[in-house]
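Take a look at the structure set out below.
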Amino acid sequence: MNKAVLIAACALLVGCARGGAVESAASAVPDWRNVATPADRARLRGWRTAFVTGLNQARSAGHAAEIAREGPLLDPDAGRTARPATGDYRCRVIKLGVKGQGGLPYVAYPPFMCRIDDEGGVASFTKLTGSQRPVGVILGSPQRHVFLGTLVLGDEKRALDYGRDHERDLIGAVEALPDGRWRLIMPYPHYESLIDVIELVPTSPTPEHRPG
């Protein structure tokens, strides 16, 4: 495991993310491309195809009105790369498209609470409640900010190291929307949908939370 992977894997662990090991990341935050697995880099490259195909499936199944109501959240071209500010957010997941036969091409889940933290130079994203909780880090490059994480299930207290279980690995692009919201788009998740879109709305909007 090289230094970049070690930093990212450490940051994915809730206890370690607040320990001294991540402090070294402040001076050498890794480029996400040096941390992501080849499979996840391929998933992210196909994000727009997943987004458009998922939207088409959902519209064909009669969900055009719901999609239109979401405005820029479900517009593939509305976002710009940015790192959300530290703080609490009200989050929502919308799943678009289906793999194979069966399943629902459009599912919008109720809101939940999530949080962005600064872990000594590396931002982290954590879903705070529920039986499936994404947790991970947000790493930047000149082109985009990328979430790399794993899925915490049930009553598990710690996340697996990123890259240890490919079915738990998560990758997504973090984007600011023009209406003050943010989104995390995760193409080709291992279960159910073609793309998951997570909406992030600051619970207490301040100038710090505004894209800019």
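The values are calculated or read from the model by the stated rules, or taken from the named source; none is laboratory data. All of these numbers come straight from a predicted model, not from anything done at the bench. With ideal geometry, Cβ positions are generated from the backbone for all residues, glycine too; neighbour counts draw on all protein chains shown.
Among 178, 187, 111, which is the only one that is in contact with a Cys (Cβ under 7 Å, 6 or more places away or on another chain), modelled with pLDDT of 90 or more and within 29 Å of residue 59 (Cβ to Cβ)?
On inspection, the qualifying residue turns out to be 111.
Can you tell me which residues in segment 126-185 are of a type in the set (Val, Ile, Thr), within 22 Å of residue 51 (Cβ to Cβ) and without any contact (Cβ under 8 Å) to a residue 60 or more places away in the chain?
Across segment 126-185, the qualifying residue is only 138.
Can you work out which of the residues in segment 173-202 that are among the small types (Gly, Ala, Ser) and either surrounded by fewer than 23 Cβ atoms within 10 Å (Cβ to Cβ) or under 18 Å from residue 90 (Cα atoms) (or both) is nearest to the chain's Cα centre (by Cα)?
173
Taking the condition part of a loop (DSSP other than H, G, I, E, B), of a type outside the set (Asp, Glu) and either modelled with pLDDT of 95 or more or farther than 15 Å from residue 193 by Cα (or both), does residue 50 pass?
Against the criterion (part of a loop (DSSP other than H, G, I, E, B), of a type outside the set (Asp, Glu) and either modelled with pLDDT of 95 or more or farther than 15 Å from residue 193 by Cα (or both)), residue 50 does not qualify.
Filtering segment 58-77 down to residues that are in contact with a strand residue (DSSP E or B) (Cβ under 8 Å, 6 or more places away or on another chain) and in a loop (DSSP other than H, G, I, E, B), which residue is nearest to residue 176 (Cα to Cα)?
Top of the filtered list is 70.
Hey, could you check segment 160-181 for residues that are assigned to a strand (DSSP E or B) and not aliphatic (A, V, I, L, M) and say which is nearest to residue 197 (Cα to Cα)?
Checked segment 160-181; the qualifying residue nearest to residue 197 (Cα to Cα) is 172.
Determine whether residue 42 is on the phi < 0 side of the Ramachandran plot, out of contact with any Gly (no Cβ under 7 Å at 6 or more places or on another chain) and surrounded by 13 or more Cβ atoms within 10 Å (Cβ to Cβ).
The answer is yes for residue 42.
Condition first: in contact with a Cys (Cβ under 8 Å, 6 or more places away or on another chain) and either part of a loop (DSSP other than H, G, I, E, B) or surrounded by 23 or more Cβ atoms within 10 Å (Cβ to Cβ) (or both). Can you find one or more residues in segment 124-134 that meet it?
yes
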